[in-house]
Amino acid sequence: LDFSRQTESSRARLDLTEVLEDILALTRHLIHTSGVELVRDFGALPWISIDRNQMKQVLLNLIHNALQAMPSGGELTVITSTAKRDERDWVTMSVRDNGTGISPEDKERIFEPFFTTKSDRGGTGLGLSVTYGIITDHGGTIDVSSEPGNGSTFTVYIPI
């Protein structure tokens, strides 16, 4: 319950790449010991108004889920860029794995609180629900593309 509790947001104009580098440094050992190769493709980004701690939580959730989807190792790709969508400018961040993928029926429910396919491995079903809440609170959105057996890509859009 502590994990899912929303705290008051404290936003500042920050460089998302810097926040991402902090999380990659934190997870570097786990990525390595999981037999996963990290691929980075960071574009030049404008600073955006975000809550540093909340965005770290989003990135940590997405990376942790990607690692769990690759129990025998694989490739984790993190991409940042800018995009135009719905007549707005966005900073985007994609976390892509080549793991187990998500079934179509599970994909419809992954952002629901307490929905998990990992209850046997300690999953609570809160990670993606909290992630979704943080991103929408920032005025953004998150897209998911996945194919069972071919991995998943989670793309976060945050308004510039």
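Considering 95, 58, the condition of being modelled with pLDDT of 95 or more and not in a strand (DSSP E or B) is satisfied by 58 alone. Got a number for residues in the range 37-63 being of a type in the set (A, V, I, L, M, F, W, C), surrounded by 14 or more Cβ atoms within 10 Å (Cβ to Cβ) and within 12 Å of residue 95 (Cβ to Cβ)? Selection size over the range 37-63: 6.
In this structure, residue 160 does not qualify as in contact (Cβ under 8 Å) with a residue 12 or more places away in the chain, open to solvent by less than 20 Å² (accessible area, probe 1.4 Å), among the aliphatic types (A, V, I, L, M) and in contact with a Phe, Trp or Tyr (Cβ under 9 Å, 6 or more places away or on another chain). Within the range 64-85, track down each residue that is open to solvent by 60 Å² or more (accessible area, probe 1.4 Å) and over 16 Å from the mean Cα position of the chain (by Cα). Of everything in the range 64-85, those that are open to solvent by 60 Å² or more (accessible area, probe 1.4 Å) and over 16 Å from the mean Cα position of the chain (by Cα) turn out to be 71, 72, 82, 84, 85.
One line per residue, one yes/no per condition, for (1) within 22 Å of residue 16 (Cβ to Cβ); (2) touching a helix residue (DSSP H, G or I) at 6+ places or on another chain (Cβ under 7 Å); (3) not polar (S, T, N, Q):
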{"position": "28", "(1), (2), (3)": "yes, no, yes"}
{"position": "33", "(1), (2), (3)": "no, no, no"}
{"position": "48", "(1), (2), (3)": "yes, yes, yes"}
{"position": "107", "(1), (2), (3)": "no, no, yes"}
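The values are calculated or read from the model by the stated rules, or taken from the named source; none is laboratory data. Keep in mind that what you see is a predicted model, and the values were worked out from it rather than measured. Note that we place each Cβ from the backbone using ideal geometry, even for glycine, and neighbour counts take in every protein chain shown. To get the accessible areas, we keep the full protein, side chains included, count just its heavy atoms, and leave off ligands, DNA and RNA. Shrake-Rupley method; radii C 1.70, N 1.55, O 1.52, S 1.80 Å.
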